[in-house]
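Notes follow the structure.
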Amino acid sequence: MLLLVMIVGLTSCSSDTEEGNSSEITYADVKPTQTKFKAFYGTKLSKISGSVASKSSEVNPTTEISKPISVIFYPRTQTISFSNIFDNTTVEYKVTGIVENEISVTYSFKINTDFTCTIVNKTSTSPAKAIITFSGGYYQFDVTDSAKKNLTQLVTKETYTAQNSNYNYTIDYSYADTTLIQSVRHSINLKTLQPLTTVTDYTYNEGKLVSKIQNDGNGVLKSKTVYEYTNNLITKSTVSNAAGKVTEIDTFEYNSNGKLSVAYYGNSTGTMYYMIRHYSYEKNKLNTIYTDPEETYKDSEISIYDSERKPYLIAQDEILDPFLYLNITKTTITDIDGVVTNFPEIAYEYSSQGLLVKTSYANENGDPDIKVRTYKEE
């Protein structure tokens with residue numbers, strides 16, 4: 001990724017600067033109506049005839065001029081603007097496609113014909129570059145400065161590959177701005193061994209998740225969960241089946257730090273609980289007690305997790321289960337009779353930005369199960 005440094009005091013500029021001019025370089029303004037942007041700036045523009053792929057390092061540009069130039073991408077409107085590149089003005093176009101990989105990101109747009117703008121990341125031997133291609137050639141400039149504002153990394157896909165392929169699945173996530181609105185899970189029905197699709201739609205009120213509805217991918221309702229809040233924390237969830245009948249009512253309590261402390265999993269009236277979970281937290285340890293109101297069973301679980309990693313929640317209701325967002329590496333359960341069970345270890349890999357990208361679940365025999373996360377910047 002480019003090292004993005006905020007530029008202070010951006011001012012408009014529409015005139016060229018002569019080669020060797022020592023006056024301060026100024027750039028085009030970011031549109032004040034845009035709350036998110038990614039900007040790339042340069043000071044010398046080259047226009048070259050021919051293909052980028054076919055050019056040699058010895059090719060000289062057809063024209064080269066020193067002037068303040070910029071490319072600014074606005075993710076909320078999916079538009080891209082260019083200043084002092086096609087002429088001495090600022091123009092903006094709709095982005096028709098985005099292709100991103102480890103070394104670059106390419107934005108497609110149209111000006112009568114197809115254009116692309118590729119931002120190539122900085123390497124140990126060359127600066128970051130912006131390359132704008134058209135049918136007869138391309139523009140190019142070295143990125144001398146860059147800036148971004150309020151861009152967030154969002155999980156767009158999770159892929160789980162298991163030793164037993166029947167447990168494989170993928171989940172695709174869709175967002176409105178940075179708010180999760182839908183997930184689509186493709187897996188295998190373990191009873192019929194046929195493909196299984198589950199679509200979950202999320203609904204919000206004033207930014208808080210108030211319900212999620214699951215269907216089978218063909219619009220046939222499977223279930224609906226409704227959430228209730230106290231002081232901005234989910235304290236109750238009510239689950240209904242496809243016929244609209246309530247099947248489960250769960251309630252939740254929190255400690256003084258806003259962490260889940262007790263979860264009550266109940267029946268259709270919320271008057272009886274088949275399981276109660278008690279949670280307590282230490283620096284890198286989660287203690288969980290599983291029981292029921294009569295304590296006919298009582299299992300104690302100790303889970304070790306990486307407390308230095310900030311939790312990443314894809315959906316707001318993941319707060320109701322710490323095992324979904326804490327990066328737990330080791331787990332031991334002791335049942336009511338004192339029998340101890342150790343679970344296989346879990347390992348994590350992170351991107352250079354500290355984002356979880358790979359989880360490995362150890363198996364006693366053979367390769368681990370692997371879960372991979374894919375992100376996009378929004």
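Side notes on the structure shown:
- When the Gaussian network model of the chain links Cα atoms closer than 10 Å, the mean-square fluctuations of Pro127, Pro32, Pro368 top out at Pro32.
- Here the gap between Val239 and Val220, fully extended at 0.36 nm per residue and compared with their Cα-Cα distance, gives a gain of 5.2 nm.
- Estimated FRET transfer efficiency when R0 is 35 angstrom, pair Glu206-Asp335 (beta carbons, to 0.05): 0.20
- Diffusion coefficient of the stretch 37-149 by Stokes-Einstein, Kirkwood radius over Cα pairs, 37 °C, 0.692 mPa s: 230 µm²/s.
- Surrounding net charge for Leu320, when Lys and Arg each add one and Asp and Glu each subtract one, Cβ distance under 14 Å: -2
- Whether the stretch 115-200 is rounded, prolate or oblate, judged on the alpha carbon gyration tensor where a/c under 1.5 counts as rounded: prolate
- Mean-square fluctuations from a GNM of the chain, with a 10 angstrom spring cutoff on Cα atoms, peak among Glu206, Glu301, Glu228 at Glu206.
- Distances between placed amide hydrogens fall under 5 Å for Tyr350 paired with Val357, all partners being 5 or more residues away or on another chain.
- Positive dipole terminus of the chain, leading residue within Phe343, Thr332, Tyr202 (C-beta point charges): Tyr202
The numbers here are math on the coordinates, done by the rules we state, and not lab data. On a predicted model such as this, the values are computed, not experimentally measured, just so you know. Quick reminder, even Gly has a Cβ in these numbers, built from the backbone with ideal geometry, and neighbours come from all protein chains shown.
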